[in-house]
Amino acid sequence: MGREKHVLLPSLQRLLTELGENIRLARLRRKFPAALVAQRAGISRNTLRGIEHGEASVSMGAYLSVLLCLGLEKDLRLLAKDDELGRKLQDANLPLKARAPRLKRHTTTRKKTDQE
């Protein structure tokens, strides 16, 4: 039995292809040979080739390992950072008189009473 083929929407395939091309260009700018990047990422050269071609069958972990080898792991924090649609949907479901939860006050010292 062979591997299951992943079929993506054309727009998603274009995004993956663009990501792969960006990864390839980053590797070439650093003048890293494919064998070195594959070795450091712990993947085969064929898997690296798949990443650079934007193949959907390559695991996300392999993509992340290559980005780490190229020093681009911080770019991952930018993914889904600004969820404008999600914030609008959340705001639309808020009741009009929504308030933040009341903070409980914790006192560390008790007041002395006359009986103590």
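Things to note:
- Selection from the stretch 1-49 of residues that are loosely packed, with under 15 Cβ neighbours inside 10 Å, basic (K, R) and under 20 Å from the mean Cα position of the chain (by Cα): R14
- Residue within the stretch 90-104 that is modelled with pLDDT of 80 or more and either touching a helix residue (DSSP H, G or I) at 6+ places or on another chain (Cβ under 6 Å) or within 30 Å of V7 (Cβ to Cβ) (or both) present: no
- When L79 is tested against (1) modelled with pLDDT of 80 or more; (2) over 22 Å from the mean Cα position of the chain (by Cα); (3) not hydroxyl-bearing (S, T, Y), just one condition goes unmet, and that condition is (2).
- Output for the stretch 50-88, where each listed residue is open to solvent by 80 Å² or more (accessible area, probe 1.4 Å), aliphatic (A, V, I, L, M) and part of a helix (DSSP H, G or I): M60, L68, L78, L85
The values are calculated or read from the model by the stated rules, or taken from the named source; none is laboratory data. Everything numeric in this text was worked out from a predicted model, so none of it was measured. Glycine gets a Cβ as well: all are built from the backbone with ideal geometry, and neighbour counts include every protein chain shown. These area figures cover heavy atoms from the full protein model, side chains too; ligands, DNA and RNA do not enter into them. Shrake-Rupley method; radii C 1.70, N 1.55, O 1.52, S 1.80 Å.
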